Amino acid sequence: MNILESLPTVIGTAAVAPALLMLWIVIAAGEHPGSPVKVWAAFLLGAASISLLGLIRAPFTRLLAAPETPWLAQAMHSVFGVALPEEAVKILVIAAVSARRRPFADPMDTVVYGAAAGLGFAAYENLAYLVQHAEMWRSLAALRTVLTVPFHGALGIIAGAYMAIARSGTALGANRRHRDWARISSWTLMLMGPLALHAAFDFPLLTLQKNPDLDASTRLWLGLISMLVGFSSIGFAARLVRRVARHHAPRTDLARERLSRLRKMWALLLAGGGFGFVGLAFVLTSLHHWLINPERNVTLVLVPIGLTSILLGSALLVVTTAIYVLGRNRIRTAEGFSSLPGRG
């Protein structure tokens, strides 16, 4: 079973669903959730960016083959073979999606695009790992859902947050006396921060993979170091999200009501995507089983359920997107909240 064939299955659902859930959590942290089209574009481009990894690794091929010391070779591979290519493609996606920014655009938009790019990348990588290790996909899916998927999302958030800080300058708390240095350091941290964290996360895991004869205590410490780096990165990303978001936090009842409604719309958008994906999984899996063995057509019973799920998901996506696009200006003003006390 290849990756595309496994997408509309339980394994595909287990691979993609955690990334969508993490994306919703990040979206809910902002006051003005950005364009749905751009968020979905960042998610899909993040997944597609895996195809560019070979091009970015190519200049470092000789460098990776040079070290003879195993530990140095693993360190070089962690940085130039894994961390640098993967974080570079994510940053390219974030920059491409956020290139045409509105004047005074909400900096949280860039953070959300970073999360979407990182989680799209994680979803595709997750699917590849689960397909490759189909015999143990349940335990692997649980482990990657807890750590690896949010870790990739966190690195995207860190890159997006520093990009937003660099663009906004002192508006997000940069040092006012050294504005130029603050911008330079933010642009540098946009790449070096995720790169360093990713390399530190992968190096212990690569060491465990390449040295199966290590004693139990060393293996335990290496595993703990990798987990510490991973969860610390997630915590740091959450701190950056709060740092960017608090400069635009709602301070009035009207603003809180507006934020609540925008979050509900995004929840419906993600729910619509989820229903559509599950329905497609039912339909394609049932048809696949029927084509293999037409006599055992019991799975065709699931086709109507799948079609109903697809219709429900499509309706949620179309209706919610239409409401958001056509009514977003009204939602952002007092006219959209006649239910509030003293209005209507």
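The values are calculated or read from the model by the stated rules, or taken from the named source; none is laboratory data. These numbers come from a predicted model, not from an experiment. Cβ atoms come from the backbone with ideal geometry, glycine included; neighbour counts cover every protein chain shown. Calculation scope for accessible area: heavy atoms of the full protein, side chains included, ligands and nucleic acids excluded. Shrake-Rupley method; radii C 1.70, N 1.55, O 1.52, S 1.80 Å.
Per the listing Leu214, Leu224, the residue uniquely of a type in the set (A, V, I, L, M) and either in contact with a Cys (Cβ under 8 Å, 6 or more places away or on another chain) or part of a helix (DSSP H, G or I) (or both) is Leu224.
Among what's in the stretch 169-211 and is assigned to a loop (DSSP other than H, G, I, E, B) and not basic (Lys, Arg), pick the residue that is modelled with the highest pLDDT. Spell out the reasoning first.
Kept after step one, since they are assigned to a loop (DSSP other than H, G, I, E, B), are these residues of the stretch 169-211: 173-178, 211.
From what's left, not basic (Lys, Arg): 173-175, 178, 211.
Values: Gly173: 51, Ala174: 49, Asn175: 50, His178: 61, Asn211: 82.
The extreme case among them is Asn211.
Of the residues making up the stretch 126-148, one or more are within 12 Å of the chain's Cα centre (by Cα) and crowded, with 24+ Cβ neighbours inside 10 Å. Might you let me know whether the stretch 33-52 holds any residue that is modelled with pLDDT of 85 or more, open to solvent by 40 Å² or more (accessible area, probe 1.4 Å), among the charged types (D, E, K, R) and out of contact with any strand residue (DSSP E or B) (no Cβ under 7 Å at 6 or more places or on another chain)? Within the stretch 33-52 (the criterion being modelled with pLDDT of 85 or more, open to solvent by 40 Å² or more (accessible area, probe 1.4 Å), among the charged types (D, E, K, R) and out of contact with any strand residue (DSSP E or B) (no Cβ under 7 Å at 6 or more places or on another chain)), the answer is yes, since at least one residue qualifies. Does at least one position in the stretch 68-79 carry a residue that is modelled with pLDDT under 75, open to solvent by less than 50 Å² (accessible area, probe 1.4 Å), among the acidic types (Asp, Glu) and over 16 Å from the mean Cα position of the chain (by Cα)? No: the stretch 68-79 contains no residue that is modelled with pLDDT under 75, open to solvent by less than 50 Å² (accessible area, probe 1.4 Å), among the acidic types (Asp, Glu) and over 16 Å from the mean Cα position of the chain (by Cα). Which numbered condition in (1) modelled with pLDDT under 85; (2) more than 20 Å from Gly230 (Cβ to Cβ); (3) crowded, with 23+ Cβ neighbours inside 10 Å; (4) among the hydrophobic types (A, V, I, L, M, F, W, C) is the only one that Ala164 fails? Ala164 satisfies every listed condition except (1).
How many residues are surrounded by fewer than 19 Cβ atoms within 10 Å (Cβ to Cβ) and free of Cβ contacts under 8 Å to residues at least 60 places away in the same chain if we restrict to the stretch 183-195? Can you show your working first?
Our first condition is that a residue be surrounded by fewer than 19 Cβ atoms within 10 Å (Cβ to Cβ); within the stretch 183-195, this holds for 183-185, 187-188, 191-192.
Those still in the list that are free of Cβ contacts under 8 Å to residues at least 60 places away in the same chain too: 183-185, 187-188, 192.
Adding up the residues that qualify gives 6.
Screening Tyr113 against (1) in contact (Cβ under 8 Å) with a residue 24 or more places away in the chain; (2) of a type in the set (Ser, Thr, Tyr); (3) surrounded by fewer than 24 Cβ atoms within 10 Å (Cβ to Cβ) leaves a single unmet condition, (3).
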